[in-house]
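Single-structure report; data block below.
The values are calculated or read from the model by the stated rules, or taken from the named source; none is laboratory data. Predicted model, so just to flag it, every value in this text is computed and none were measured. Here the Cβ positions follow ideal geometry from the backbone for every residue, glycine too, while neighbour counts run over all protein chains shown.
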Amino acid sequence: MFVGRQHYFRALGAELEKVRTGGEGDFVLVRGRRQVGKSRMLTEFLATNDAPFVYYQATRKTPEQELLAFTETVAASTLACADQVRAGLVFKGWGAAFALIARTADRRRSPIVVIDELPYLMDGDPDFEATLQKAWDHDLERSPVLLIVVGSDLAMMRALVTYGRPLYGRPRRELTVAPLSPREVGELRGLSAEDALDAYLVTGGFPLVALSWPRGANLAGFVSDAFADPASPLVVVGERMVNAELPGDLNARAVLTAIGAGERAFTQIANAAGFGGTSLHRALTTLKRKDVIARDVPMSAMPQKKSDRIRIADPYLRFWLRFVEPSLPDVERGRADLATARFWGSWDSYRGRAIEPVVRDAIERILPDARFGAARVVGGYWTRANDPEVDLVGVADASAIERVEFAGSIRWRERKKFGISDARDLAAVRPRIPGAGVDTRLVAVSRTGFEVDVTRGKLVDVRLGPREVVAAFAHQVPR
């Protein structure tokens, strides 16, 4: 079953149509985290378009082996030049291969050339970047060819198109493939809104992990079964991701583990990692450059100095670092019961914190909305002492905050509803947010609904539940 990705398909389809109507080449750069489903998405796109194509997956071979493997892939492809290659044509270099593809391209059936994991080719051949640039400028750009290059190393893929690099200005479009949204996870596995959000907080929307969640299964069944199998995607994908992102970087790995354990402030991370200063800054820079971590700042009309928080950027890796990695010894020796007990011991408190960025993202996707005033950006507010600490703060412009449009509270509990005491606590904390006033709207978010007094009264202005949160992800954010 294939769900989602429709906005990516539309973007790629639009680029292919430009090639067909204009008769000239187009260059698309696709990046995304490992295991996010880039290759599967492109395979689906190729299967649903009547266009000849070649899809080459680089594998960190020597330059000579990579060229030979590409030649064999072309011979097995649907490109117009495939017959010549099957008949024994040998490419003397990548430039010759691209030139033949360009020369035999037919505008009526514009071909698609996909090179997956471009950074692998560049690692083995430092000249490949310049070779591709020359091939584009001299051959592919002048022919009806859609060239798609793909990479999982986000830092390198971004660097490719910076000023001074050979490929600067060449890609006409850049796409960043995100994991499946909570809505897509729910659709993929046939889950209710509440269970879809739980599944998202565990799998992060990474397709391989999400697909291991049995259709209609609940959280308890999935986690216990996954911990019982040391080869389950929930267990192994996280380790593969970390090893691929941070090969040999022990400092960055230690900092990642510290953040994953729940440490969020600079000093807390330093204490947990066992080092600070330049080494910690360097490790944090590496993790941020690779999009492994995110930095949150308090949102209000008065800056809060040194109150930044660091968190793991994607929910799956955050879950893996918190619950799976510490349990690997137990999982590997067949004690899934210990791993499961450790999970249930702190899941409720973990989930209450982990849902916050998801809710903020959901609200941002439905803005502008009159219910939330003039807000366009959503964050949170806290002081260094976390007194107060507000889950949701909405403003019109994060770069120049003059007033707070709304303040909100998230109560993501298993059974207890959002009650009158929760509403009163939110109203009491509102005046303590710089930029907020009596006209600042109050937003209540609950997993299990609202008590009657909250529903009937005027204690809050907006109420959101799991269905509204999940539905918000129907609004795609341009990337």
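For residue 32, only one of the following conditions fails: (1) at pLDDT below 95; (2) under 23 Å from residue 169 (Cβ atoms); (3) out of contact with any Ser or Thr (no Cβ under 9 Å at 6 or more places or on another chain). What is its number?
Exception for residue 32: condition (3).
Condition (residue is at positive phi, modelled with pLDDT of 95 or more and not hydroxyl-bearing (Ser, Thr, Tyr)) applied to region 418-439: is it met by at least one residue?
As a first pass, look at region 418-439 and keep what is at positive phi: 435.
Still in the running and modelled with pLDDT of 95 or more: 435.
Right, trim to not hydroxyl-bearing (Ser, Thr, Tyr) and you get 435.
Within region 418-439 (the criterion being at positive phi, modelled with pLDDT of 95 or more and not hydroxyl-bearing (Ser, Thr, Tyr)), the answer is yes, since at least one residue qualifies.
Out of everything in region 181-200 that is surrounded by 24 or more Cβ atoms within 10 Å (Cβ to Cβ) and of a type in the set (A, V, I, L, M, F, W, C), what residue ends up being nearest to residue 29 (Cα to Cα)?
Residue satisfying both the conditions and the ranking: 185.
Restricting to region 10-41, give me the number of residues that are assigned to a helix (DSSP H, G or I), farther than 30 Å from residue 242 by Cα and of a type in the set (D, E, K, R).
Counting residues in region 10-41 that are assigned to a helix (DSSP H, G or I), farther than 30 Å from residue 242 by Cα and of a type in the set (D, E, K, R) gives 5.
Over 19 Å from residue 63 (Cβ atoms), in the same structural domain as residue 52 (by TED's automatic domain parsing), part of a loop (DSSP other than H, G, I, E, B) and in contact with an Asp or Glu (Cβ under 9 Å, 6 or more places away or on another chain): is that true of residue 102 in this structure?
Values: over 19 Å from residue 63 (Cβ atoms): yes; in the same structural domain as residue 52 (by TED's automatic domain parsing): yes; part of a loop (DSSP other than H, G, I, E, B): no; in contact with an Asp or Glu (Cβ under 9 Å, 6 or more places away or on another chain): yes.
It is false that residue 102 is over 19 Å from residue 63 (Cβ atoms), in the same structural domain as residue 52 (by TED's automatic domain parsing), part of a loop (DSSP other than H, G, I, E, B) and in contact with an Asp or Glu (Cβ under 9 Å, 6 or more places away or on another chain).
Yes or no: residue 393 part of a loop (DSSP other than H, G, I, E, B), modelled with pLDDT of 95 or more and buried (at least 23 other Cβ atoms within 10 Å of the Cβ)?
no
Answer yes or no as to whether residue 226 is assigned by TED's automatic domain parsing to the domain that holds residue 297, touching a Leu at 6+ places or on another chain (Cβ under 8 Å) and modelled with pLDDT of 95 or more. Give the steps one after another, and end with the answer.
Details: assigned by TED's automatic domain parsing to the domain that holds residue 297: yes; touching a Leu at 6+ places or on another chain (Cβ under 8 Å): yes; modelled with pLDDT of 95 or more: yes.
When the stated conditions are applied, residue 226 passes them.
What residue, among those in region 201-244 that are of a type in the set (Gly, Ala, Ser) and farther than 22 Å from residue 342 by Cα, is surrounded by the most Cβ atoms within 10 Å (Cβ to Cβ)? Reasoning before the result, please.
In the first step, residues of region 201-244 are kept if they are of a type in the set (Gly, Ala, Ser); the result is 204-205, 210, 212, 216-217, 220-221, 224, 226, 228, 231-232, 238, 244.
When the remaining residues are screened for being farther than 22 Å from residue 342 by Cα, the result is 205, 216, 244.
Details: 205: 25, 216: 11, 244: 13.
Out of the qualifying residues, it is 205.
Looking only at helices (runs of 4 or more DSSP H) that lie completely in region 271-389, which have at least 3 residues being of a type in the set (A, V, I, L, M, F, W, C) and either more than 24 Å from the chain's Cα centre (by Cα) or outside the structural domain of residue 408 (by TED's automatic domain parsing) (or both)? Don't jump to the end; show me each part of the working.
Values: elements: 277-289, 315-319, 328-332, 336-366.
Qualifying helices (runs of 4 or more DSSP H): 277-289, 336-366.
Pull out all pairs, ordered by first then second residue, where Cβ-Cβ is under 6 Å, the residues are six or more apart or on different chains, the first lies in region 417-438 and is assigned to a loop (DSSP other than H, G, I, E, B), and the second is among the polar types (S, T, N, Q).
417/448; 433/300; 434/300; 435/300
Do you know which residues across region 155-180 are surrounded by fewer than 23 Cβ atoms within 10 Å (Cβ to Cβ) and either over 18 Å from residue 128 (Cα atoms) or in contact with a helix residue (DSSP H, G or I) (Cβ under 6 Å, 6 or more places away or on another chain) (or both)? Step through it out loud before you land on a result.
Of region 155-180, the ones surrounded by fewer than 23 Cβ atoms within 10 Å (Cβ to Cβ) are 155-159, 161-178.
Scanning region 155-180 gives 155, 156, 166, 167, 170, 172, 173, 174, 175, 176, 177, 178.
Could you tell me which of the residues 242, 209 is in contact with a Ser or Thr (Cβ under 6 Å, 6 or more places away or on another chain), assigned by TED's automatic domain parsing to the domain that holds residue 338 and assigned to a helix (DSSP H, G or I)? Steps first, please.
Numbers: 242 fails: in contact with a Ser or Thr (Cβ under 6 Å, 6 or more places away or on another chain).
So the residue among 242, 209 that is in contact with a Ser or Thr (Cβ under 6 Å, 6 or more places away or on another chain), assigned by TED's automatic domain parsing to the domain that holds residue 338 and assigned to a helix (DSSP H, G or I) is 209.
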